Amino acid sequence: MNINKLLFFGFSIIILFVTSAAYLTYQMTQNSILEFNHSIHQQYKKHNLVLEMQLPARSYTMHMQQAILTDDPFDRDQIIMQGHGFASQYNLVRADFMLIMNDYDKKWLEGLDDITDQISEASKKVLRLQDTGHKQEAIRLLRAVVFPLTEVFSAHVSSYAIKLEGVLAKKLLDEEEQLNALVLKISVMTALVVLLSLFIVFYITRKIQLMTKELCSLNASLENRVNERTNDLQQVQEELIKQNDKLREVSIKDALTGVYNRFGLREKL
């Protein structure tokens, strides 16, 4: 593996680590935000629905009182219809609450339903007394039963609303702790990515240094071989020169060679 391929491989790994860490961080943050928003929204909505149950119940009781105190039958019927409208509004709020309630909420709602059933039965009895001409008895029943039950209803709702506020506050604290834990996870992940990147950079740098050292060693070895070969060739050349000189001396002394020289012939090595 040459240096260019090694650098490409190393930087590709670093980019992969950084991209993966960024994607995981985004997913963790996004999921935490969505979960936090959903949880807080549900708890806040539940708290508001519990509080919204009070107004229709009180309005219903007030209209029952007005119906009893009203002598005109047409006005009384109109007031009773308005009271039933508030009862329907209460049922709508109750239905919305049932969509998001848990088991603990269900137990509380069952207790609230018992109170509303008692209020409904007492109100019907009050209206029957009113219709049969027993107005004073209807008023006494209204004050003795319906009004106290309405107060019990309000106290039941208010106490649970306070509990829900405490749950909401606890959720906010829990979410803050989860947020701190998320920040810690992101910090640890970032530190790991940095350490891995540094390790890869160190590894690549070390490999390049080793490859460079190996190349230098190979170059030095080749240079030594070339120098040795050059020295050998020089020695061979010097020996050839010496042999040539000896042959020239021999050719001068040799008679036959001298004849050849007189005819203009040259010896060739």
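The values are calculated or read from the model by the stated rules, or taken from the named source; none is laboratory data. Because the structure is predicted, anything quoted here is derived from the model rather than measured. We place every Cβ from the backbone using ideal geometry, glycine too, and count neighbours over all the protein chains shown.
Of the residues 68, 33, which is hydrophobic (A, V, I, L, M, F, W, C) and exposed (fewer than 14 other Cβ atoms within 10 Å of the Cβ)? Write out each step before concluding.
Details: 68 fails: exposed (fewer than 14 other Cβ atoms within 10 Å of the Cβ).
Answer to the check: 33.
With respect to the conditions (1) touching a Leu at 6+ places or on another chain (Cβ under 8 Å); (2) at pLDDT 70 or above, residue 267 lacks only one, and its number is (2). Among the residues of the stretch 132-186, the one identified as modelled with pLDDT under 80, surrounded by fewer than 16 Cβ atoms within 10 Å (Cβ to Cβ) and closer than 26 Å to residue 94 by Cα is 172. Restricting attention to the stretch 77-100, which residues are surrounded by fewer than 17 Cβ atoms within 10 Å (Cβ to Cβ), within 45 Å of the chain's Cα centre (by Cα) and not acidic (Asp, Glu)? Of everything in the stretch 77-100, those that are surrounded by fewer than 17 Cβ atoms within 10 Å (Cβ to Cβ), within 45 Å of the chain's Cα centre (by Cα) and not acidic (Asp, Glu) turn out to be 88, 91, 92, 95, 98, 99, 100.
Residue 232: within 30 Å of residue 38 (Cα to Cα), modelled with pLDDT of 75 or more and of a type in the set (Asp, Glu), yes or no? So residue 232 fails the test.
Looking for whichever is within 25 Å of residue 164 (Cα to Cα) and modelled with pLDDT under 85 here; the options are 65, 54. Which one fits? Unique residue meeting the criteria: 54. Within this structure, residue 192 passes the test of being under 28 Å from residue 9 (Cβ atoms), surrounded by 10 or more Cβ atoms within 10 Å (Cβ to Cβ) and not charged (D, E, K, R).
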